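Undergrad: The following block contains the structure, expressed as structure tokens.
The values are calculated or read from the model by the stated rules, or taken from the named source; none is laboratory data. A quick note: this is a predicted structure, and the numbers were derived from the prediction, not measured. Cβ placement follows ideal geometry from the backbone for every residue including glycine, while neighbour counts extend to all protein chains displayed.
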């Protein structure tokens, strides 16, 4: 059993914002495997399917970004999922637009969604895939993450999402080591 969590904020208001890259990934990945995250369970939009022979849960927490850990804890507890079988997908201000970074575990880098997951799971031993959204030259980063991508940026992000979906498939089917070797 694998759990892939996309971090974001619920509602149309946030749908195309930089902070919702995790939700965008889950939607695209679900389509790739003929799944739809529409069931409400674990304080999240949820779906379950098989990728290869691996049963996989996809989650989009409905608790807003900074409280995402509650949904992850509920799902992990229900399915008795080990930390190394959980991968969290989120945006990253410190990576260039569209660049991805995959880690087996580690710090949260100030990302409040990751901090919530760490707090609720009691460990930072879960895997994470970060997608670069770049950092604003001027202005408040909080406003920036809640803004939409420009048309030019959207092209870069949409291309990156294809690579992210390939990385997620590799993680599920071949494991973290293979995923990091191929996509980092």
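Undergrad: Condition test on residue 55, is it more than 14 Å from the chain's Cα centre (by Cα) and either part of a helix (DSSP H, G or I) or surrounded by 23 or more Cβ atoms within 10 Å (Cβ to Cβ) (or both)?
TA: The answer is no for residue 55.
Okay, residues lined up against (1) touching a strand residue (DSSP E or B) at 6+ places or on another chain (Cβ under 6 Å); (2) surrounded by 18 or more Cβ atoms within 10 Å (Cβ to Cβ); (3) at pLDDT 90 or above; (4) assigned to a loop (DSSP other than H, G, I, E, B):
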{"residue": "22", "(1), (2), (3), (4)": "yes, yes, yes, no"}
{"residue": "28", "(1), (2), (3), (4)": "no, no, yes, no"}
{"residue": "46", "(1), (2), (3), (4)": "yes, yes, yes, no"}
{"residue": "59", "(1), (2), (3), (4)": "yes, yes, yes, no"}
{"residue": "89", "(1), (2), (3), (4)": "yes, yes, yes, no"}
{"residue": "95", "(1), (2), (3), (4)": "yes, no, yes, yes"}
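Undergrad: Considering only the stretch 128-148, state which residues are surrounded by fewer than 19 Cβ atoms within 10 Å (Cβ to Cβ), outside any helix (DSSP H, G or I) and under 19 Å from the mean Cα position of the chain (by Cα).
TA: The answer is 135, 146, 147, 148.
Undergrad: Is it fair to say residue 123 is within 27 Å of residue 70 (Cα to Cα), in contact (Cβ under 8 Å) with a residue 40 or more places away in the chain and assigned to a helix (DSSP H, G or I)?
TA: No; evaluated as a whole, the condition is false for this residue.
Undergrad: Then there is this: Of everything in the stretch 30-44 that's more than 23 Å from residue 112 (Cα to Cα) and out of contact with any strand residue (DSSP E or B) (no Cβ under 8 Å at 6 or more places or on another chain), which residue is surrounded by the most Cβ atoms within 10 Å (Cβ to Cβ)?
TA: 32
Undergrad: Quick test for you: out of 118, 182, 80, pick the one residue that is within 24 Å of residue 48 (Cα to Cα), more than 15 Å from the chain's Cα centre (by Cα) and either touching a residue at least 40 places away in the same chain (Cβ under 8 Å) or not in a strand (DSSP E or B) (or both).
TA: Numbers: 118 fails: more than 15 Å from the chain's Cα centre (by Cα); 182 fails: within 24 Å of residue 48 (Cα to Cα).
That would be 80, the only listed residue that is within 24 Å of residue 48 (Cα to Cα), more than 15 Å from the chain's Cα centre (by Cα) and either touching a residue at least 40 places away in the same chain (Cβ under 8 Å) or not in a strand (DSSP E or B) (or both).
Undergrad: Separate question: Provide a single number: the residues in the stretch 149-174 that are within 18 Å of the chain's Cα centre (by Cα), part of a helix (DSSP H, G or I) and more than 17 Å from residue 6 (Cα to Cα).
TA: Of the residues in the stretch 149-174, 4 are within 18 Å of the chain's Cα centre (by Cα), part of a helix (DSSP H, G or I) and more than 17 Å from residue 6 (Cα to Cα).
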